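Novice: I'd like to ask some things about the structure below.
Please treat every number below as a calculation from the coordinates, not as lab data. The shown structure was predicted, so the numbers you read here are calculated from the model rather than taken from an experiment. Neighbour counts run over all protein chains shown; Cβ positions are idealised from the backbone, glycine included.
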Amino acid sequence: MTEEELKQFKAALSITAVATALGVPVVRGRCRCFFPTRHSHGDRTPSVSFSEERGTFRCWVCDDVRGDVISLVQIVKNCSFLEALNWLKETYGFLVPGAKSPVQNYAAAPNISPAVASAQVHTTAQNASFVAKVAVREAALEYTSPEPAKELVSEDERKKIILSFLKMLSPVDKTPAASYLARRRIYKPIWDKMLLRTIMDYGALNNKLKETYDLEVLKYVGLFSEKGNLRYYKHPLFFPYLDAKRRSFYFQARAIDSTVVPKELNLRGTVPFPYNVSALDGRPGWVYLCEGVVDTLTFLGQRIAAIGIPGVRSFKTEWLPLFKNKSVVLCLDKDEAGRSGTEYLQTVFANANIRTVVLGDGVDQFGKLSMKEGEDINDWFGGKK
């Protein structure tokens, strides 16, 4: 496997799914540390967090407990890099670049409908999950998982807390967030349509949340850090992921200061569906798939049907039925990661008999009509950082 193929393989894996397959109980993007004796009270409050968009994990107490999906396998199974990679290749062989996926046979068959082909993608993932569970059982002597973290609040209560938090935020009109969006050529009609929000007084909001909810609950839900403060001090612009009823139980926060790294900070947990999922309405037509919310908003401002994903590795095969009757224009950033991600998504959609084209294919000879190296969709439309 070449270095590029390894990058593509890791990008296709969900680190949370791999953790679950290894027997690690992940709840709301967190689990207890693999070395509980290093922690006071045996790490009663889970200290290891998972980032789906980056494909990484980190313990906030143990400096050496961090890394990517391969590092996770190494720690849990106490094995070498090569052994960890081989376990992943055996467990998720259908995602190895160049490997023939069982789904391809169905997609190529003339009598199989797109719906059936899509279902086969699920079957493949389920088979991989079954293989992973068998591997975990065989590795029981190597790793004993801690007791599952206690749920401090129910799922319904968690959703109510997220909704309550978003209602505490301010509209972006006449705020620094508005200036940031305007520089990116994203204007008020889109702010209002997508219910964009911002933090105007961080201290007041931080205190109000502490007065309203127990601190451990705020940490559990993912709004507060282990140090006991609201996580979004440097990320004051919020993009709610609206469901069919225009409610939001998940969001992405954005830094408006270009020096802040990372630029985005997502709510902990799994991305429930693509951003602007209402564009996947089941009616025949085209939809533009973007890398990130800002690019999606850029297209919406041009009245182009678009959806967004935080990153390639956040795309889930269980979302494929949402694309019923749609053809997809892939609009990822024009860089090495974007090209690799485009190839991966082409394979995923092709296996489900969903047509894709790549934005810019066939217009490179026109120069200014195609994105330049390093550009994204917002850059292409004249947005300024």
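Novice: Under 14 Å from the Cβ of residue 206, count the other residues' Cβ atoms, weight Lys and Arg +1, Asp and Glu -1, and hand me the total.
Specialist: That sum, taken over residues with Cβ under 14 Å, equals +4.
Novice: Dividing the convex hull volume of the alpha carbon atoms of region 234-376 by its residue count, what do you get in Å³ per residue?
Specialist: For region 234-376, the hull spanned by Cα atoms encloses 129 Å³ per residue.
Novice: Can you list the lysines whose alpha carbon sits under 28 Å from that of residue 77, skipping same-chain ones fewer than 8 residues off?
Specialist: Within the straight-line cut-off, residue 77 pairs with 7, 10, 89, 100, 133, 150, 316.
Novice: Same structure, new question: Straight-line reach from residue 219: which aspartates and glutamates have Cα under 17 Å away, leaving out those fewer than 8 places along the same chain?
Specialist: Here the aspartates and glutamates satisfying the reach criterion relative to residue 219 are 43, 151, 155, 156, 157, 211.
Novice: Compare the peptides 290-298, 46-54 by average per-residue count of other Cβ atoms within 10 angstrom and give them in order, highest first.
Specialist: So the order, starting with the most tightly packed, is 290-298, 46-54.
Novice: Please report, in cubic angstrom per residue, the volume enclosed by the convex hull of the alpha-carbon atoms of region 268-320.
Specialist: Given the Cα convex hull of region 268-320, per-residue volume reads 84 Å³.
Novice: Compute the Kirkwood hydrodynamic radius of region 169-218, taking the inverse of the mean of 1/r over all pairs of distinct Cα atoms, and give it in Å to one decimal.
Specialist: This gives a value of 12.3 Å.
Novice: Ok, one more. Show which lysines lie in cross-link reach of residue 167 when reach means a straight Cα distance below 17 angstrom and same-chain residues fewer than eight apart are skipped.
Specialist: Reachable lysines: 159, 193, 208, 210, 245.
Novice: Once amide H atoms are built 1.01 Å from N in the peptide plane, which residues 5 or more positions from residue 56, or in another chain, come under 5 Å H to H?
Specialist: Correct list: 51.
Novice: Please find the FRET efficiency linking residue 375 to residue 211, where r is the Cβ-Cβ separation and R0 is fixed at 45 Å, and quote it to the nearest 0.05.
Specialist: For R0 = 45 Å, the calculated efficiency reads 0.50.
Novice: While we're here: Quick one: if you take sqrt(5λ) for each eigenvalue of the C-alpha gyration tensor of region 1-84, what semi-axes come out, biggest first, whole angstrom?
Specialist: 23, 13, 11
Novice: Could you tell me the center-to-center distance, by alpha carbons, between region 242-278 and region 1-68 in angstrom?
Specialist: Using only Cα atoms, the two centres lie 21 Å from each other.
Novice: Right, another one. Counting each pair of different Cα atoms once, what's the Kirkwood radius of region 158-254 in Å, rounded to one decimal?
Specialist: With all distinct Cα pairs of region 158-254 included, I get 13.9 Å.
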